[in-house]
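Coordinate-derived values only; no laboratory data. In this text, all values refer to a predicted model and were calculated from it rather than measured experimentally. Every residue, glycine as well, gets a Cβ built from its backbone with ideal geometry; the counts of neighbours run over all protein chains shown.
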Amino acid sequence: MIRRMKDEAAAVASSRWNEHAQHKWEREVQAIAFDLLPKRDAYDRAELLAAMDSVPAESKRALSPFAWCAAGLARLVRSKGLVTAEEVLQRVGPGEHVPEGSPKFRPQQLVVVRGDGGTRPSQWRRPYHTMVGFLCGMEGRVVRFEGHARNDEAVGFGAEGSSMREYTIAFPLQDLLATPEAVEAAKGISLEVEVLECWLEAVDMVDRIQKAWPPPSKRKRKRSSHQVDHERGVDYAGAPSPGEEMARGLVALLVEKGLVTRGELALRDFLACSATKKPRTG
């Protein structure tokens, strides 16, 4: 009877699972979930598919396919005692929460995107635009308050539900580009991006005045936090898929716990790419 129930649950989930891994992190999730851990008798395929099916519907819709798989895997390895809930949530990131009410920032207010966004996990997506990459360290003006976003991606990995205010921010495009020709062509043009409140801070005008001296010609050349974070964005070959960073964090946790090894993942990644004759991508 129990076996039949497992098979029925697997059939429901497997009918919606027909995905092919394109990126390295997806291949790692697939190798761990469907190959390495089942071969160690940690669980069977039916249990994995049932765990994936137990992910809340809102999270399934919010997550990319392989992040959904990782969310189901996180729930399963936690239920098996292979990792703790606290260990998983450390990789998912803190769940800052703001109560519903008046927005913190007003229209036309100058704000800056926090520059520490690339160095810590978070339940809230980091500001990104396909034209310029990650936006950490950049200044802009509030256009409007958009409402409250929910952390449905993190809930899929076991976090508690919370909400965060969201704004549309206008960034001067010339500040986001690198080459002189592009900067000149972008003068007067703004790029509007939706940014969550946890990544924003009000611009400190006193601090800005202090940083304006000495003039740029006398300052030492130094990469901005935006440049550093933009370079890190190259690793993704585009914006992170919904839930990708949480899935990457789970993979790192399973490696640290000794449940799988980097050597095993590298070998399976090589074999998967060789079988399809596709170049390996991050």
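Just a few scattered comments:
- Under 13 Å from residue 187, Cα to Cα: aspartates and glutamates that are on another chain or at least 8 residues apart: 175
- Residue 189 versus residue 131: modelled label distance in nm, points set 7 Å from Cα along the beta carbon direction: 0.5 nm
- Rough spin-label spacing in nm, given labels placed 7 Å along Cα→Cβ, for residue 264 and residue 61: 3.6 nm
- Model label points for residue 22 and residue 97, set 7 angstrom from Cα along the Cα-to-Cβ axis, are 3.5 nm apart.
- Dipole magnitude for segment 12-93: computed about the Cα centre from +1 point charges on Lys and Arg Cβ and -1 point charges on Asp and Glu Cβ, it is near 60 debye.
- Full-stretch length increase - residue 271, residue 149 - with 0.36 nm per residue and alpha-carbon distance subtracted: 39.9 nm
- Cα-Cα over 21 Å, subset of 39/257; 39/80; 60/104: 60/104
- Difference of contour (0.36 nm per residue) and Cα-Cα distance, residue 202 to residue 163: 12.0 nm
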